[in-house]
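Q: The structure that follows is given in the form of C-alpha cells.
Computed from the coordinates by the stated procedures, all read-outs in this text should not be read as laboratory data. What you are looking at is a predicted structure, and each value in this text was computed from that prediction instead of being measured. We place every Cβ from the backbone using ideal geometry, glycine too, and count neighbours over all the protein chains shown.
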Amino acid sequence: MTTTGKVWFVGAGPGAADLLTLRAARVIAEADVVIWAASLVHADVLAHARPDAEIVDSSQLPIEGVRPLYERAAADGLTVARIHSGDPALWGAVQEQLDLCRALGLAVEVVPGVSSFTAVAALVGRELTIPEVAQSVILTRLEGGKTPMPPGERVREFARHGTTMALFLSAARSGQAQAELLGGGYPPETPVVVAYQATWPDELVVRCTLGELEATVKAHKLWKHTLFLVGPALAATGTRSHLYHPGHFHTHRRAEPAARAALRRARADRSGVDQPGVDQPGVDPGGDGR
Ligand SMILES: C[S@@+](CC[C@H](N)C(=O)[O-])C[C@H]1O[C@@H](n2cnc3c(N)ncnc32)[C@H](O)[C@@H]1O
C-alpha cells in the first residue's frame, strides 16, 4: 500500500496569533504533526492544533533534525504543518525543505502569511506606495551576516532608487545600514520606522530619521527581530491615487466629465503634452488607476 503524506508550510504572520489566516488555522487544526520554532512564532498559534497532535519545537533543530519527521510523514501518510514566521516566501529557509519533502515523495503546499513589513506599515498607519513619491518597495537585507549577498544586491545600490525599502535581518549592524543607505543617496532626513517584535506583547515601534538610525537602534539595544522601513513615503502627504478619483473611469465606474477634464489637464501639465485618445469610451487609460 502506498501512503502519501503531506507537508504544509504555513505562514504564521508577524507574531499576534489573530494575524493568522483562516487557511493557516484550518491547516494547523487538521495536522497530525505541528512543527514550529518557539523563538520565532507565538505559542498562541498552537491553540489551533488538535489535542492529540504531535507538537515539535524546531528552534534547536537543524534541517537534519526535522528530516526524520518528514520521513515518518512519508512512510505513515501523516499531515504535517510546518509553521514559519511572517510569510514563508521571505527568508524562511523553506526552499530546502520543499526540495527535501518532494524528494521524499511528500505532497507539499504553502499557506502565505502576513509578512512583518506589511505588519509594520499597518502599525504606523502608512501606505508604502504613495503616488509620485514611491511606487516600488524593495525588500532586502544588509550584507555582512552569515549569508553572503549575490552580486548587485548591496543596500547601497538599492538605495539609489530612493523608494521605500524594508530592511530585514539588519539591526545588529545599524551603523553599516545607516552608512549604506546614506551612501546610496537617501538624504539624512529620510523618515525611518524601526520596529522590534511587531505585534508581539513586547513590541517597540520608533520613528526617526535616517541620520538618527544607528543612535536610535543602539539607544533601544535592538539587534534582532527588528525591521527597518525607510523612504519618503513614510512621511509623504497630499498626493492622490487615481483609483478613487472621480475623474478616473474603469470597467466598473464611469468618470465624472468635469473631474475627468481636470485630471487630464493635470496630467498634461506634468508631462508637457496632452494625451489624446485616452478618453475613448471603453478605454481604461490607467488600468486599475494606480
Ligand atoms: C528570518 S526573517 C523572516 C521574515 C518573515 N518570513 C517575514 O515575512 O516577515 C526574520 C527577520 O524578519 C523581520 N521580522 C520578522 N518578524 C518581525 C516582527 N514581528 N517584528 C519586526 N521584525 C520582524 C526581522 O528583520 C527579522 O530579523
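Q: When a/c is below 1.5 the answer is rounded, else prolate if a/b is larger than b/c, else oblate, so apply that to region 1-85 with a ≥ b ≥ c taken from the square roots of the Cα gyration tensor eigenvalues.
A: Details: a/c = 2.17, a/b = 1.42, b/c = 1.53.
Since a/c reaches 1.5 but b/c is at least a/b, the shape of region 1-85 is classed as oblate.
Q: List the trypsin sites (Lys or Arg not before Pro) within region 109-207 that fall in a DSSP loop (any state other than H, G, I, E or B) and whose Cβ has at most 15 other Cβ atoms within 10 Å.
A: Details: sites: ARG126, ARG141, LYS146, ARG154, ARG156, ARG160, ARG173, ARG207; in loops: ARG126, LYS146, ARG154, ARG160.
Sparse-neighbourhood loop trypsin sites (Lys or Arg not before Pro): LYS146, ARG160.
Q: Is there a quick way to get the dipole size of region 6-114? I mean about its Cα centre, with the Cβ of Lys and Arg at +1 and of Asp and Glu at -1; what is the value in debye to the nearest 20?
A: Values: 8 positive and 14 negative charges, 37 e Å.
Here region 6-114 has a charge dipole of around 180 debye.
Q: Please list, in chain and number order, the residues 5+ apart from ILE55 or on another chain whose amide H is under 5 Å from its amide H, with Hs placed from the backbone.
A: VAL34
Q: Would region 117-234 count as rounded, prolate or oblate if I go by the C-alpha gyration tensor, calling it rounded below 1.5 in a/c and otherwise prolate when a/b exceeds b/c, oblate otherwise?
A: On the way: a/c = 1.42, a/b = 1.06, b/c = 1.34.
Judged from the Cα gyration tensor, region 117-234 comes out rounded (a/c under 1.5).
Q: In addition: Quick check on region 41-199: take the gyration tensor over C-alpha atoms, sort the square-rooted eigenvalues as a ≥ b ≥ c, and tell me if it's rounded (a/c under 1.5), prolate or oblate. If you can, show how the numbers build up before the last one.
A: Details: a/c = 2.56, a/b = 1.97, b/c = 1.30.
The shape class here is prolate.
Q: Cβ neighbours within 10 Å, averaged per peptide: list 100-113, 29-42, 76-89 in order, most packed at the top.
A: Details: 100-113: 17.2, 29-42: 19.8, 76-89: 22.5.
Going by the mean number of other Cβ atoms within 10 Å, highest first, we get 76-89, 29-42, 100-113.
Q: Check cross-link reach from LYS146 to the lysines: straight Cα distance under 29 Å, and skip same-chain residues fewer than eight apart.
A: Excluding near neighbours in sequence, the set is LYS218, LYS221, LYS224.
Q: What's the exposure ranking of LYS6, LYS224, going from fewest to most Cβ atoms within 10 Å? Show your work: numbers first, answer last.
A: Numbers: LYS6 20, LYS224 10.
Final ranking by Cβ density, sparse to dense: LYS224, LYS6.
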